[in-house]
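Only one structure is covered here, and it is reproduced in the block below.
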Amino acid sequence: MIGAVYCPTSLEALWPLLADGAHVLAGGTDLLVAKRGPASCAVALLEGIGELAGISEGDGLIRLGAMASHATLARHPLVRQHLAVLALALETLGSPPIRAMGTLGGNIATASPAGDTLPALLALNARLELASAKGRRVVPLADFLLGPGRTALAAGEIIAAVVVAPPAPAALQHFEKIGRRDALAIAVASLAAVIATDAAGTVTEARLAVGSLAPTARRLPAAEAALTGQRLNRESLTRAAAAIREAVSPMTDVRASAAYRRQAAGNLLLRLTPQP
Amino acid sequence: MTGPDAVFPRADALAKAVGAERYSADVTPPGCLWAGVRRAGVAHALITGLDVAAARATPGVVAVLTRRDVPGTNRQGIVHKDQPVLCGERVRHRGDPVALVLAESREALALALSRIDAAFSPLPGVFEPAAALDRDAPYVHPEHPDGNLLAYGLVEKGDAPTALADCAVTVSGEYHTPMQDHVFLELPNGTARLTPAGVLDMVVSTQAPFRDRFEIAHALGLNPWTIRVRAPYLGGGFGGKDGATVQCLLALAALNAGGRWVKMVWDREETFLAGYKRHAAVMRVTLGADADGTLRALTGSLLFDAGPYAHLSGEIMALALEHAGGPYRIPHTRLEGSCAYTNNPVGGAFRGFGVLQSSFAIERLMDALATRLGRDPAGLRLQNALGRGEPNAIGVTPEPGAGAAECLTAVLAHPAWTERAAWKRQAPPFTRRGVGVTCMQNAMGYGRGLPDAAAAKLELTKQGTFRIYNSVPDMGQGNASAFVTMAAQALHQSPEAFALIQPDTRHCLPAGSSSASRTTFTFGNALLGACRAMEAKLRARAALALLCDDPARLILSPGLVTDPATGAAVPLARLGALLPRDDRLCVDQFVMAVVENPPDTGRQFKLGFPHRFYSHGACLCAVEVDELTGRVRLGRCVVSVACGRVLSLEGVTQQVQGAAAQGIGLALFEDPALENGCMGAGDLSRYLIPTALDLPDIDCLIVADDEPTGPLGLRGMGEVGIHGPGPAIAQALFDAAGLHVTRLPVTPEDLLSALGGPE
Ligand SMILES: Cc1cc2nc3c(=O)[nH]c(=O)nc-3n(C[C@H](O)[C@H](O)[C@H](O)COP(=O)(O)OP(=O)(O)OC[C@H]3O[C@@H](n4cnc5c(N)ncnc54)[C@H](O)[C@@H]3O)c2cc1C
């Protein structure tokens, strides 16, 4: 149950609230579900702090404010043009109302193994800008995700922004999520790929990440290595798919069995097989 | 769109669209108390302790009631009374209620419920209906004379075992259909109060307000005539509100509320836990035919998981047996059915009422036979479709009407069928496409032995408009609107001249439940009778005002009665003002006809067997299977329906689409994940119903038909559309991927293994 609600308009006003134990509330799409029980919970809204919502470009980097909603991000020209893998992931997240309310920061802080933006951001080598009363620090997303619902966020600290270096314009950006239906579906398995090739079609860099296949969304170094230096064809993709199946540690739940998830995880990469 | 719809839009559309319609859930009298239930949370156990002291001491708590506080039999149930209002000694499924709390606020209620200390001594549970029937299985009701066998029935025609032995080909299968939740939008809820005059006044989201009075009275030892039930529009029901949900608990709460209003609303998780479900069924069946595909014999057994309480399990199983032969000509049949008590959730009424289960089995058998004979499944069905005047699988000759052949033919003429080869060739990379077409049928009405009756009341108001006293709840299916359309046509008035009073046992006349595809047919006939009486009355009374000695020549037109001979007219408003109230009322009643010479079979079924009227349909599903993920997408769904004359094309289309969507949910999405009596998918994040993105456009084709005994020629059709998608998708998946579906829902995992590995 939500108790006191605070609406600070600056970070300076936020820090004492957090020190007093208030919970950060961004879009509320995870928090309001988690806090349905009888226990009362004080919340500090982030929506009044303007600087957290911006989306900007500078120094060759794109900066996505933690409070940017999924819907805003998915239609933003910078995201659509340079971070297609993220746009694709956002389009599969929840449903229109969830995308209108839910934020990037919330998705990251929730750190669900199934969080849809996470594989995409991992494949983009995203870094997080964390802020607290003590100042700011920058942490790679890969180091931030510690386990299901566990992050490197310190007490009194928030995610201020996500910082990404856009991939080369010609790089292939791909995202696919398997859900049990086409909207409002938690990922059974997902795969994000950012693959750069040279003029001859040889892979110069492959970044692959999966969701719902391990305690956290994670990169797949062995599968990436299996593609690097190869052309993208049936053989190389099949080898890399095998490496994916090898690397993942899925579980069985009501949505799917571990065996299905493992099989499908590799299959998702085969989607990139060039068609005659 | 044909004429009628343009003239008569749905009477409830505007009020619902703007949020003005008041559902039961919207009724929250100021200062009302809140009632809620503590549920067992264990599937089978003895109650060894129930400490409610801390709950009673919680600030804001008005009362905490247990079994000892229940007057009467403490047994609810529509026909068979075996379900406790509050359990005292034993709980038989996880949703069983053990204590009832009344509190000043929802917060105090939640806190008090969490403070009830219930101690249980677990009993061995029984979760598989087949195992439940073993001699040494633990009994769900130790006092029940037949152990866990709740009901058994046999239907027979000819000599099936002998005929089967002579068949050139036989095919057999074991088919499974799952438990299904209704997922109505408006959760079970109601509000109740004991008035100073001693009347228990209730507003409930219910499909059966008139019958509820008896169920409540029996359970709580009350006089049914002191109970008033009002049933506003329901936000969905689908059978799940046919039979007490909140009613008895709420009435008990109101009896202990000192005359204050009490409100009870189950939340979604509680509804998954405690609400009724479609019965899971296992069907072992064998179909025999001649080498040319002519059906000869059908045998088999059907086993239904009733959960711990009877509800209408036996009646539902009877309907399954009655429909087990499908709309096909089968000279010899022998089918047995059993319902087993288990400690799973309670089985109950659900759109399709047993028919869904056995339809899946017979349609799958037809496909198996087609495969065996190398025949096209549609052609095999056309060859064997039951014609007019032919006896069905239990030996009843249904009332003549358009049947499976006409419905199938309509679908086979649709481009989704005629152009299927091209569509399949255009499958995108990594996908395979397939198309399936199957038949469906659903009986209308309660059936023999249980009068399918309704009485209607129609009032001319003082202002010269009309009031229809609807007696059968509208749970969204549109019957109330249909009543306005019918009365407006019958009395030559504009639909705006009619107001609807929704079911209220004080003001409306008794009628059966909103169920069994009977609602519009039975009440509609009663209403048209009342309209005829009203027309005669208006002519006769107007004749006095118009000094006309031949009332028969007077003409009704919107707002007027006119004498064509003189051109003089009297406004209805004047007649309304002149007549005393008794003279402004017209009533009539109707009872649905039953099978006149029933075959001597199904002797176990005293209530609701067999049926005389059937609606038919056919369903096409076009699927696309992803080879990499096993995901199935429905590309197309076409449903034809023969349901007598069409009063509202929009109404029929909406029912067909809604029913098909619910059937698609059962076929591809809704997996209860039941384990040891516990639904693994006990909330809407895990129990997945299809969203708008998961459903294709569903085309509805109307097959020309007429039901001469129906109101304006119509027959009920609220259920029939649900039977198509399961078997049609199964057939399409065989076409696309070679998968032999024997069990619903079909999962991506099933498909991925059918398609082999990634290589
Ligand atoms: C019906 C439904 C469907 C959903 N579908 C999907 C889906 O398909 N895919 C998916 O990935 N998720 C889904 N979600 C989950 C959720 O919508 C997303 O995770 C969303 O991004 C959360 O963002 P939010 O702004 O709503 O977070 P909130 O609920 O406000 O917060 C979530 C948590 O993060 C913390 N937090 C929020 N912002 C910050 C910040 N800037 N810094 C530090 N901590 C912060 C909060 O304190 C809280 O603990 C769904 C949720 C619902 C209710």
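The values are calculated or read from the model by the stated rules, or taken from the named source; none is laboratory data. None of the values given here were measured: they were computed from a predicted structure. Because the Cβ atoms are built from the backbone with ideal geometry, glycine has one as well, and the counts that use them run over all protein chains shown. Ligands, DNA and RNA are stripped out before the accessible areas are found, and what is left, the full protein with its side chains, is counted by its heavy atoms. Shrake-Rupley method; radii C 1.70, N 1.55, O 1.52, S 1.80 Å.
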Name every residue in segment B:440-464 that is in contact with an Asp or Glu (Cβ under 7 Å, 6 or more places away or on another chain), open to solvent by less than 10 Å² (accessible area, probe 1.4 Å) and more than 30 Å from B:Ala370 (Cα to Cα), in order of residue number. B:Gly445, B:Ala456
The condition of being touching a helix residue (DSSP H, G or I) at 6+ places or on another chain (Cβ under 6 Å) and surrounded by fewer than 21 Cβ atoms within 10 Å (Cβ to Cβ) holds, among A:Ala74, A:Ala66, A:Ala13, A:Ala44, only for A:Ala74
Determine whether segment A:218-226 contains at least one residue that is under 24 Å from B:Gly630 (Cβ atoms), away from the ligand (no atom under 14 Å from the Cβ) and open to solvent by 30 Å² or more (accessible area, probe 1.4 Å). yes
Considering residues of segment B:83-134 that are assigned to a strand (DSSP E or B) and within 14 Å of another protein chain (Cβ to nearest Cβ) only, the residue farthest from B:Ala219 (Cα to Cα): B:Ala103
Got a sec? Which of A:Leu124, A:Leu52 is open to solvent by less than 10 Å² (accessible area, probe 1.4 Å) and within 11 Å of the ligand (Cβ to nearest atom)? A:Leu52
Just to be sure before I move on: is A:Ala44 outside any helix (DSSP H, G or I), in contact (Cβ under 8 Å) with a residue 24 or more places away in the chain, near the ligand (Cβ under 10 Å from one of its atoms) and away from chain B (no Cβ under 14 Å) in the structure I sent? yes
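Tell me, please, whether a residue that is within 13 Å of the ligand (Cβ to nearest atom), at negative phi and assigned to a strand (DSSP E or B) can be found in segment A:192-209.
Within segment A:192-209, the subset within 13 Å of the ligand (Cβ to nearest atom) is A:192.
This time we only want the ones that are at negative phi, so: A:192.
Still in the running and assigned to a strand (DSSP E or B): A:192.
The answer is yes, given that some residue of segment A:192-209 is within 13 Å of the ligand (Cβ to nearest atom), at negative phi and assigned to a strand (DSSP E or B).
Determine which member of the set B:Val437, B:Val411 is in contact (Cβ under 8 Å) with a residue 60 or more places away in the chain, assigned to a helix (DSSP H, G or I) and open to solvent by less than 30 Å² (accessible area, probe 1.4 Å).
Working: B:Val437 fails: assigned to a helix (DSSP H, G or I).
Residue meeting the stated conditions: B:Val411.
Would you mention how many residues in segment A:168-188 are assigned to a strand (DSSP E or B) and either within 13 Å of the ligand (Cβ to nearest atom) or acidic (Asp, Glu) (or both)? Steps first, please.
Taking segment A:168-188 first, the residues assigned to a strand (DSSP E or B) are A:172-178.
Retained after the next criterion (residues that are either within 13 Å of the ligand (Cβ to nearest atom) or acidic (Asp, Glu) (or both)): A:175-178.
Result for segment A:168-188: 4.
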Per the filter on segment A:238-276, residues open to solvent by 40 Å² or more (accessible area, probe 1.4 Å), at the interface with chain B (Cβ under 7 Å from one of its Cβ atoms) and in a loop (DSSP other than H, G, I, E, B) are A:Val254, A:Arg271, A:Gln275
Condition met for A:Asp198 (more than 30 Å from B:Asp694 (Cβ to Cβ) and at pLDDT 95 or above): yes
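Taking into account only those residues within segment A:1-10 that are within 14 Å of the ligand (Cβ to nearest atom) and touching a residue at least 40 places away in the same chain (Cβ under 8 Å), which is least open to solvent (accessible area, probe 1.4 Å)?
At the first step, the residues of segment A:1-10 found to be within 14 Å of the ligand (Cβ to nearest atom) are A:2, A:5-8.
Narrowing further to those that are touching a residue at least 40 places away in the same chain (Cβ under 8 Å): A:2, A:5, A:7-8.
Numbers: A:Ile2: 59, A:Val5: 85, A:Cys7: 77, A:Pro8: 9 Å².
Out of the qualifying residues, it is A:Pro8.
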By residue number, the members of segment A:181-206 that are of a type outside the set (S, T, N, Q), open to solvent by 30 Å² or more (accessible area, probe 1.4 Å) and in contact with a Lys or Arg (Cβ under 9 Å, 6 or more places away or on another chain) are A:Asp182, A:Ile186, A:Ala200
B:Ala340 in contact with a Pro (Cβ under 6 Å, 6 or more places away or on another chain) and farther than 20 Å from B:Gly403 by Cβ: yes
Scan of segment B:546-587 for residues that are touching a residue at least 24 places away in the same chain (Cβ under 8 Å) and farther than 25 Å from B:Ile468 by Cβ, ordered by number: B:Leu546
Does any residue of segment B:620-637 turn out to be under 18 Å from the mean Cα position of the chain (by Cα) and more than 14 Å from chain A (Cβ to nearest Cβ)? no
Before we move on, is B:Ala681 farther than 21 Å from B:Leu733 by Cβ and either among the polar types (S, T, N, Q) or within 14 Å of chain A (Cβ to nearest Cβ) (or both)? yes
When you look at B:Asp117, is it touching an Asp or Glu at 6+ places or on another chain (Cβ under 6 Å), at pLDDT 95 or above and open to solvent by 50 Å² or more (accessible area, probe 1.4 Å), yes or no? yes
For B:Gly644: the one exception among (1) touching a Phe, Trp or Tyr at 6+ places or on another chain (Cβ under 9 Å); (2) over 18 Å from B:Leu185 (Cβ atoms); (3) within 11 Å of chain A (Cβ to nearest Cβ): (3)
For A:Thr110, the lone unmet condition from (1) hydroxyl-bearing (Ser, Thr, Tyr); (2) within 23 Å of B:Thr691 (Cβ to Cβ); (3) open to solvent by less than 40 Å² (accessible area, probe 1.4 Å) is (3)
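Report the residue count in segment A:16-37 for those that are within 14 Å of chain B (Cβ to nearest Cβ), part of a loop (DSSP other than H, G, I, E, B) and either within 12 Å of the ligand (Cβ to nearest atom) or open to solvent by 50 Å² or more (accessible area, probe 1.4 Å) (or both). Spell out the reasoning first.
The initial filter retains those residues of segment A:16-37 that are within 14 Å of chain B (Cβ to nearest Cβ), namely A:29-30, A:32-37.
Still in the list and also part of a loop (DSSP other than H, G, I, E, B): A:29-30, A:35-37.
From the residues that got through so far, the ones that are either within 12 Å of the ligand (Cβ to nearest atom) or open to solvent by 50 Å² or more (accessible area, probe 1.4 Å) (or both) too are A:29-30, A:35-36.
Count: 4.
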Restricting segment A:77-102 to residues that are surrounded by 17 or more Cβ atoms within 10 Å (Cβ to Cβ) and not in a helix (DSSP H, G or I), which is nearest to the other protein chains (Cβ to nearest Cβ)? A:Gly94
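If a residue has to be away from chain A (no Cβ under 14 Å) and of a type in the set (Ser, Thr, Tyr) to count, how many in segment B:689-724 make the cut?
Going through segment B:689-724, the residues away from chain A (no Cβ under 14 Å) turn out to be B:697-724.
So of that shortlist, the ones also of a type in the set (Ser, Thr, Tyr) come out as B:709.
Of the residues in that region, 1 qualify.
Which residue out of B:Ala110, B:Ala151 is over 17 Å from B:Glu270 (Cα atoms) and open to solvent by less than 70 Å² (accessible area, probe 1.4 Å)? Step through it out loud before you land on a result.
Numbers: B:Ala110 fails: over 17 Å from B:Glu270 (Cα atoms).
After ruling out the rest, the residue left standing is B:Ala151.
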When segment B:307-332 is checked residue by residue, the ones that are surrounded by fewer than 24 Cβ atoms within 10 Å (Cβ to Cβ) and touching a Lys or Arg at 6+ places or on another chain (Cβ under 7 Å) are B:Pro331, B:His332
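Restricting the search to segment B:228-246, which residues are part of a strand (DSSP E or B) and surrounded by 24 or more Cβ atoms within 10 Å (Cβ to Cβ)? So that I can check it myself, show each step before the final result.
If we filter segment B:228-246 for residues that are part of a strand (DSSP E or B), which is where we start, we get B:228-230.
Passing the criteria: only B:Val229.
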What is the number of the single condition among (1) open to solvent by 10 Å² or more (accessible area, probe 1.4 Å); (2) more than 14 Å from chain A (Cβ to nearest Cβ); (3) modelled with pLDDT of 95 or more; (4) within 21 Å of the chain's Cα centre (by Cα) that B:Glu650 does not meet? (3)
